[in-house]
1. Looking at A:LEU138, A:LEU108, can you tell me which residue is facing chain B (nearest Cβ under 8 Å) and outside any helix (DSSP H, G or I)?
2. Quick one: is B:HIS272 of a type outside the set (A, V, I, L, M), within 16 Å of B:THR340 (Cβ to Cβ) and away from every other protein chain (no Cβ under 14 Å)?
3. Hey, among the residues in the range A:95-105 that are of a type outside the set (Lys, Arg) and more than 7 Å from chain B (Cβ to nearest Cβ), which one's surrounded by the fewest Cβ atoms within 10 Å (Cβ to Cβ)?
4. Would you confirm, using the coordinates I've provided, whether B:GLY53 is assigned by TED's automatic domain parsing to the domain that holds B:ILE185 and in contact with a helix residue (DSSP H, G or I) (Cβ under 9 Å, 6 or more places away or on another chain)?
5. Looking only at the range A:111-142, how many residues end up being open to solvent by less than 10 Å² (accessible area, probe 1.4 Å) and more than 16 Å from ligand 2 (Cβ to nearest atom)?
6. Can you name every residue in the range A:60-87 that is within 14 Å of chain B (Cβ to nearest Cβ) and either within 16 Å of ligand 2 (Cβ to nearest atom) or touching a strand residue (DSSP E or B) at 6+ places or on another chain (Cβ under 8 Å) (or both)?
7. Please find, within the range A:29-44, the residue that is nearest to ligand 1 (Cβ to nearest atom) out of those that are part of a loop (DSSP other than H, G, I, E, B) and in contact with a Lys or Arg (Cβ under 7 Å, 6 or more places away or on another chain).
8. Can you list residue pairs whose Cβ atoms sit under 8 Å apart, with the first residue in the range B:201-225 being open to solvent by less than 60 Å² (accessible area, probe 1.4 Å) and the second being among the β-branched types (Val, Ile, Thr) and modelled with pLDDT under 95? Count only pairs 6 or more apart in sequence or on different chains.
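The values are calculated or read from the model by the stated rules, or taken from the named source; none is laboratory data. The structure displayed is predicted, hence computed values, not measured ones. All Cβ positions, glycine included, derive from the backbone under ideal geometry; neighbour counts span all protein chains shown. Keep in mind that these areas ignore ligands, DNA and RNA; they rest on the heavy atoms of the full protein, side chains included. Shrake-Rupley method; radii C 1.70, N 1.55, O 1.52, S 1.80 Å.
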Amino acid sequence: MQRKLARQFFYDMTLARQFEQAAADQYMQGNIGGFLHLYPGEEAVAVGSLHAAEPGDYVVSTYREHVHAMVWGVSPSAVMAELFGRATGCSGGYGGSMHLYDVSRRFLGGYAIVGETFAIAAGVGYWLHLNDSTQIVLCYFGDGAANQGTFHETLNMAALWKLPVLFICENNHYQIGTEIHRHSAVPDIYRHASAYGIDGRHVDGMDVVAVHEATRAAVQHVRSGNGPYLIECETYRYRGHSMADSGAYRSALELAELRARDPLEIFRERALGQGWLNEADCQEVEKTVEGVVAEAVRFAAESPQPTDLGKDVYSEPLDLYGGRP
Amino acid sequence: MTRQRNDNVGIIGTARPAPELEVWQALNIALDRAMERDSGVFILGEDVGLFGGSYRVTQGLYAKYGEWRVRDTPISENSFVGIGVGAALAGGRPVVEIMTINFALLAMDSIINMAAKLRYMSGGQLQVPLVIRVPGGVAKQLGAQHSQRLEHTLVNVPGLRVVAPATPQDSYWQLSQAIVADDPIIVLEHELLYFAKGPFDPGAAPLPMHAAAVRREGRDVTLIAWHRMVALAMEAAAQLSTRGIDVEIIDLRSLRPIDLPLLRESVRKTRHAIVVEEDCRFGGVGAEIAATLGEVAHSDLASPVRRLAASDVPTPYNAELERASIPGTKSIIQAVEELTGPRTD
Ligand SMILES: Cc1ncc(C[n+]2csc(CCOP(=O)(O)OP(=O)(O)O)c2C)c(N)n1
Ligand SMILES: [Mg+2]
């Protein structure tokens, strides 16, 4: 493994961990409102998979998407400012935590209704295919979303028309408080792919290198015109579903077992053991990230509020009673 | 992929537009021209391709443009409308046909949660130039699940525009305008109007997409209607004129936004207005118009704006009951006479 990529993985996972902690702190201080879904424990999924795609590709994610946005290039400051609801946020303060967008990077959200990412991704894929593009779409979804009709409807159409979509399941075992064996008759999500004639595989979602390698192969498959592919990344979230959830439905033992497989710790040890990084590298990254996150919070706190209530409802100002033109 | 030219296509390919066309043909021409002009325009829906569309609207386009631009979809309304949204985000101009408005209920997440909100939620970065064409209305004994009108649901959604053409000319204009506009637009079509004939001139200067139109000038009372109710109001007006009542008829054409200036202008003259709607009465477009005219044109009105609407019942199968559930010529005449009193002079 290249040192550069190893550093990138370590940097991004450290950023993910620290950023989400800072978001939790800011939420507790009342600076962030609404629903806030955090990613600790799942970092290897977004980091490993997104680094297997090309910058020209599209990304569609769920409401648990701060880390996807940042790994895909949206600045931590723009993400934090969006959580604060400020005009400098990546959605101008109009979206919030669950609705992050950056069109210039083809980062298309941010969807808060479970199961929406599928059709959006397939629609982008349809357009890419129609234009004979070699770009592809990465579509993230949770284990719970696999029970939504749109999952099955979209897998069928994506397979039928060989759309360039890579479906990436972040199986963290829970749909809020309902454990996967209580919400899914087929808890191996990747096996759903075979019902639609799509290739799918399972990968250890706590291992960033494994996720990366699996995704690289899948990206190659999709980009070569073979149609969609489904990767199930088995992972875990340490915190509750959102800041409103203590996660009390899980046993301390379960949590301890999963924490023992912490993706960040595992990768750090491995990178040190393999000589990809040394202790000084790691400390340097941790220190840099601390600064970046602190700056993101400062930037967000000092940013102006958006003031224009009525903008961008339509492509032009539209008086509902003006009629003409 | 072979893209054969097929000159046998509905009316596409005829050298000169006919002076009189049916609504479906006008829609077909609008689609064909839009697809010819802009390779980003493509069609998605159930049986829009090989079959040619349930109401023939896409007839011939599959043969002309191929399967990628005229895509037959599985019965997955929420997801194929969502695919339209996604393609629009990426730069396409999809025109999605939902076989009937009743099935659009399965796609409301894609329409209301996604299409209508993405521009705003993204701080103006995204745009959703998506057209959704939907046949609807009370047709002929299709039963409660196939006779809905969902105007009341759709007009209440910020981010959507809703138009309701009733004539071939308007169908052509408004669909063409909707396709080039950069917002999600619902084009409501009426199942009983597809084969209605009317004058058609593709070269004529179009009315703006959201303008209402005066279909008949009159002095005594304004009838505000859209879709099939316009024709019924015209019939009623013809009969009322023999009794000395002079009715003005406005075809609303657009349900969100509405052309309030034209409505005001009309009631300033007639001082009475009745909204004739095929949708149910409770919380509908008629309610919106009546309330708004009441607020802004109070001093012009000699009587409160009235609503003649469908009964608040699921549509019955029985033909007589079905007819009784929506306004008809007779009930329109009655409503007007209640307002003006029968004239004898
Ligand atoms: C259609 C819909 N139903 C219910 C919800 C409420 N809800 C939000 S997240 C969630 C659980 C989703 O679980 P999963 O897909 O596994 O994603 P995770 O939160 O674990 O990342 C539910 C039920 C919703 N947002 N949308
Ligand atoms: Mg989950």
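1. Just one listed residue meets the conditions, A:LEU108.
2. yes
3. Checking each candidate, the answer is A:SER104.
4. Against the criterion (assigned by TED's automatic domain parsing to the domain that holds B:ILE185 and in contact with a helix residue (DSSP H, G or I) (Cβ under 9 Å, 6 or more places away or on another chain)), B:GLY53 qualifies.
5. 12
6. Of everything in the range A:60-87, those that are within 14 Å of chain B (Cβ to nearest Cβ) and either within 16 Å of ligand 2 (Cβ to nearest atom) or touching a strand residue (DSSP E or B) at 6+ places or on another chain (Cβ under 8 Å) (or both) turn out to be A:VAL60, A:SER61, A:THR62, A:TYR63, A:GLU65, A:ALA69, A:VAL74, A:ALA78.
7. The residue in question is A:HIS37.
8. Pairs found: B:ASP220/B:THR340; B:VAL221/B:THR340.
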